[in-house]
Amino acid sequence: MVLIIFHNTSTLALFLFFTANLLLCFVPSISELQRVGHPAKADGSLSFLVVGDWGRRGLYNQSQVALQMGVVAERLDIDFVISTGDNFYEDGLNGVLDPEFNESFINIYDSPSLQKQWYTVLGNHDYRGDVEAQLSPILREMDPRWLCMRSFIVSTEFTDFFLVDTTPFVDEYFTHPKNHTYDWKGVLPREEYLSNLLKDLDSALRDSSARWKIVVGHHTIKSAGHHGVTKELEEHLLPILLANNVDMYMNGHDHCLEHITSADNQTQFLTSGGGSKAWRGDIRKWNPEELKLYYDGQGFMSLQTTPTNADIVFYDVFGNVLHKWSISKDLDAAV
């Protein structure tokens with residue numbers, strides 16, 4: 001049994017608000033992936049931030065990025081935040097009582113405008129700790145903003161988000177883990193886990209009638225950064241995205257901000273991994289016609305959508321706009 005003590009009525013109200021919404025929003029789906037509902041604004045729009053690779057107790061400019069996220073979140077009146085993983089460095093959480101949850105999350109993202117739901121995926125560093133701790137409802141009781149599952153769907157009025165557990169795809173973590181120990185409970189047998197995940201994702205994407213389909217994972221598919229292309233995702237995940245006309249793939253893993261397009265398909269590849277420590281000057285060669293942005297510093301991304309438009313903006317650690325990109329869809333066009 002966990003005893004939660006609220007020191008003021010506003011904290012209690014926030015907890016009750018998020019708890020009630022989560023209980024109402026978990027709805028059954030024909031897919032095996034859990035589905036969470038999130039309402040759009042009254043005018044039909046949706047605004048959110050995306051940040052990844054952040055949990056360093058405020059160091060490496062994490063606190064400064066969080067401050068600017070709060071400024072932008074207030075201006076855009078965001079609905080939620082998406083975390084692209086590597087939530088706690090260097091080795092995830094060691095349990096539900098690990099003080100790093102407070103020191104790297106609760107105490108850092110404390111702006112009033114960031115007191116919204118956080119939808120979170122796991123990164124490879126998270127798998128080096130106690131994975132079940134991040135998935136535990138105990139963390140949601142400690143801070144009702146927190147929602148982390150291995151793979152799940154967030155459905156809004158016209159946009160579906162498919163959050164995918166990408167770490168188990170990477171062969172290196174199994175064959176050459178170096179000095180790291182990974183928590184594979186819930187993943188083994190690996191082949192069955194990945195097969196079911198890909199099947200469920202493909203089914204959910206095919207069944208989705210959303211105007212915008214956005215897939216979120218920790219690892220890169222296309223990147224000119226330090227890690228580059230994740231060949232396992234290129235082989236197994238990318239064909240499903242392309243076959244189902246996914247509009248965007250968002251990821252972290254490379255500690256940079258990045259936007260890659262392709263002449264062969266509509267999918268935008270968006271890296272938001274600048275939540276804290278960045279890798280200055282670490283860039284690979286890439287077709288300049290496809291590489292719309294590469295920024296080797298800290299920052300984050302925002303996205304605003306309506307049924308017909310999506311506006312992507314990247315910001316640096318000072319809140320300066322680095323890059324903008326807009327996508328339009330005909331309201332009468334087939335999804």
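Rule-based calculations on the coordinates, nothing more; no lab input. Every value quoted in this text rests on a predicted model; they were computed, and no experiment measured them. Backbone-built Cβ (ideal geometry, glycine too); neighbour counts: all protein chains shown.
Quick one: which strands (runs of 3 or more DSSP E) sit completely within the range 89-182 and have at least 3 residues that are out of contact with any Ser or Thr (no Cβ under 8 Å at 6 or more places or on another chain)?
Correct list: 152-155.
Does at least one position in the range 237-252 carry a residue that is buried (at least 17 other Cβ atoms within 10 Å of the Cβ) and farther than 28 Å from residue 158 by Cβ?
Checking the range 237-252: not a single residue is buried (at least 17 other Cβ atoms within 10 Å of the Cβ) and farther than 28 Å from residue 158 by Cβ.
Please determine whether any residue of the range 103-124 is aliphatic (A, V, I, L, M), within 30 Å of residue 202 (Cβ to Cβ) and crowded, with 21+ Cβ neighbours inside 10 Å.
The answer is yes; a qualifying residue exists.
Taking the condition of being small (Gly, Ala, Ser) and surrounded by fewer than 21 Cβ atoms within 10 Å (Cβ to Cβ), how many residues in the range 72-102 meet it?
Matching residues across the range 72-102 total 1.
Going through the range 45-71 one residue at a time, which ones are buried (at least 21 other Cβ atoms within 10 Å of the Cβ), among the aliphatic types (A, V, I, L, M) and more than 18 Å from residue 297 (Cα to Cα)?
Of everything in the range 45-71, just one residue is buried (at least 21 other Cβ atoms within 10 Å of the Cβ), among the aliphatic types (A, V, I, L, M) and more than 18 Å from residue 297 (Cα to Cα), namely 46.
Check whether at least one residue in the range 263-284 is closer than 24 Å to residue 195 by Cα and of a type in the set (Lys, Arg), and report yes or no.
Among the residues of the range 263-284, not one is closer than 24 Å to residue 195 by Cα and of a type in the set (Lys, Arg), which makes the answer no.
For the range 193-229, give me each residue that is of a type outside the set (A, V, I, L, M) and either crowded, with 22+ Cβ neighbours inside 10 Å or in contact with a strand residue (DSSP E or B) (Cβ under 7 Å, 6 or more places away or on another chain) (or both).
208, 211, 212, 213, 217, 218, 219, 220, 222, 223, 225
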